[in-house]
1. Looking at (1) touching a helix residue (DSSP H, G or I) at 6+ places or on another chain (Cβ under 8 Å); (2) within 17 Å of V92 (Cα to Cα), can you tell me which one P55 breaks?
2. Out of everything in region 84-105 that is touching a helix residue (DSSP H, G or I) at 6+ places or on another chain (Cβ under 8 Å) and of a type in the set (G, A, S), what residue ends up being surrounded by the most Cβ atoms within 10 Å (Cβ to Cβ)?
3. Would you confirm, using the coordinates I've provided, whether T57 is open to solvent by less than 70 Å² (accessible area, probe 1.4 Å), over 12 Å from the mean Cα position of the chain (by Cα) and β-branched (V, I, T)?
Amino acid sequence: MAVSMTFEQFDQLVDQALDSIPPELAAMVDNCVVVVEADPPPETPDLLGLYDGIPLTERDSEYSGVLPDRIFIYMNPTLRMCRSEAEVVDEVHITVVHEIAHHFGIDDDRLHELGYS
């Protein structure tokens, strides 16, 4: 059974996950915003998070004047897959770290090696 939570409560969990990022890493995040949305695009209904942007490792001297990268965290699929509020907290943290890792240029294969599925 899905966990029930308000959008505001979920948004606070995302904020807590962001606050748990070590300051030296958080300081390296550049031109990136985190957006919490209720649902992912219809073609990917089970998606928990998405990174949309140009990873730091792919930016060069011509990188300027671009819109910020966006990290999307999706509430409803996360709530559907979790059975307790504690699971939601863990899953939000994992998803936030996973998507920030993409901003740093770490791909899914490497994340899986590191234990972030």
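1. (2)
2. The residue in question is A101.
3. Details: open to solvent by less than 70 Å² (accessible area, probe 1.4 Å): no; over 12 Å from the mean Cα position of the chain (by Cα): yes; β-branched (V, I, T): yes.
For T57, the condition - open to solvent by less than 70 Å² (accessible area, probe 1.4 Å), over 12 Å from the mean Cα position of the chain (by Cα) and β-branched (V, I, T) - is not met.
One line per residue, one yes/no per condition, for (1) within 18 Å of H102 (Cα to Cα); (2) of a type outside the set (G, A, S); (3) part of a helix (DSSP H, G or I); (4) open to solvent by less than 60 Å² (accessible area, probe 1.4 Å):
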{"site": "Q16", "(1), (2), (3), (4)": "no, yes, yes, no"}
{"site": "V36", "(1), (2), (3), (4)": "yes, yes, no, yes"}
{"site": "P41", "(1), (2), (3), (4)": "no, yes, no, yes"}
{"site": "D46", "(1), (2), (3), (4)": "no, yes, no, no"}
{"site": "L50", "(1), (2), (3), (4)": "yes, yes, no, no"}
{"site": "S61", "(1), (2), (3), (4)": "no, no, no, no"}
{"site": "L67", "(1), (2), (3), (4)": "yes, yes, no, no"}
{"site": "N76", "(1), (2), (3), (4)": "no, yes, yes, yes"}
{"site": "L79", "(1), (2), (3), (4)": "no, yes, yes, yes"}
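The values are calculated or read from the model by the stated rules, or taken from the named source; none is laboratory data. Values in this document were obtained by computation on a predicted structure and should not be read as measured data. Don't worry about glycine lacking a Cβ; one is built from the backbone with ideal geometry, like all the others, and counts go over all protein chains shown. Protein only, heavy atoms only, side chains kept; ligands, DNA and RNA dropped before computing areas. Shrake-Rupley method; radii C 1.70, N 1.55, O 1.52, S 1.80 Å.
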